[in-house]
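Heads up, the thing below is written out as structure tokens.
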Amino acid sequence: GDEVTVRLAGGIAIRITVDKPARTEETVRGEILTIHPATKNSEARLRIRTDDGRTRTVTLAKNAVIRHGNSRLTVADLRAGDEVQVRLVNGAAEEVRVLSRGPLVEEVTGTIEQIVPATRTTGPKVTLNTGKTTRTVTLATDVVIRHGSRRLQVEDLRIGDEVTLKVVDGISTEMTIK
């Protein structure tokens, strides 16, 4: 499949030069472990645990297409834990298909403005003033609340407490009181 130039001398090939290597395609499937955004010196890269258990780093082509279903995504939309299928052309990822999303993990910091007790159907909720907006977050039934080295209960929370929440898919699993 390579395009080559052959130099002949007396009917015998004395030099073969590869002008254009054959196009190679490969598909890699697995879970994103880490995402390295593009820098001015390098393209974006994904570290993936492949379905056979190996770890592999793939470099995204400048024009790589990233999709989840019919939605187009950017590198910034990808998250650790996403299950992906990556099509490599000549070693660069031309296409990334997100097959299933990993958990959305975020950190929310603010001051407690309201505390709503748990109901039969949902865990307790806290409303925080983040300085930019007000946000209500449901606490997991087994939320871990810490103040220094002490572990607290939801009943120990007070309006005005400054807190940082670890929120996984919209539910707080951890809270640290400052």
Cross-link reach list, lysines versus K20, counting only Cα pairs under 23 Å and skipping chain neighbours closer than eight places: K62
Just need the Rg to Rh number for segment 102-145, please, alpha carbons only, Kirkwood Rh. 0.99
Name the residue from T130, I145, I12 whose Cα lies farthest towards the positive end of the charge dipole of the chain, charges +1 on Cβ of Lys and Arg and -1 on Cβ of Asp and Glu. I12
Provide the per-residue ³J(HN,Hα) series for segment 166-178, in order, calculated from phi with Karplus coefficients 6.51, -1.76, 1.60 and θ = phi - 60°, each as a whole number of Hz, with x at glycine and proline positions. 9, 10, 10, 6, x, 10, 7, 9, 9, 9, 10, 9, 7
Nearest-5 percent of antiparallel DSSP beta bridges in the chain? 85 percent
Report, by chain and number, residues whose modeled amide H sits under 5 Å from the one on L139, excluding near sequence neighbours (fewer than 5 apart, same chain). K125, V126, S172
By a straight-distance test (C-alpha under 26 Å), which lysines pair with K125 as possible cross-link partners, with residues fewer than eight away in the same chain excluded? K166, K178
Leaving out ligands and nucleic acids, note down the accessible area per residue over segment 20-148 with a 1.4 angstrom probe, in whole Å². 61 Å²
Each label point is 7 Å from the Cα along the Cα-to-Cβ direction; what then is the distance between the points at T133 and T17, in nm? 5.9 nm
Can you give the charge dipole size of segment 37-148 about its Cα centre, rounded to the nearest 20 debye, using +1 on the beta carbon of Lys and Arg and -1 on the beta carbon of Asp and Glu? 160 debye
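The values are calculated or read from the model by the stated rules, or taken from the named source; none is laboratory data. As the structure is a prediction and not an experimental result, all values here were calculated from the model. Using ideal geometry, Cβ is built from the backbone for each residue, glycine included, and neighbour counts are taken over all protein chains shown. Surface areas here come from the heavy atoms of the whole protein model, side chains and all, with no ligands, DNA or RNA. Shrake-Rupley method; radii C 1.70, N 1.55, O 1.52, S 1.80 Å.
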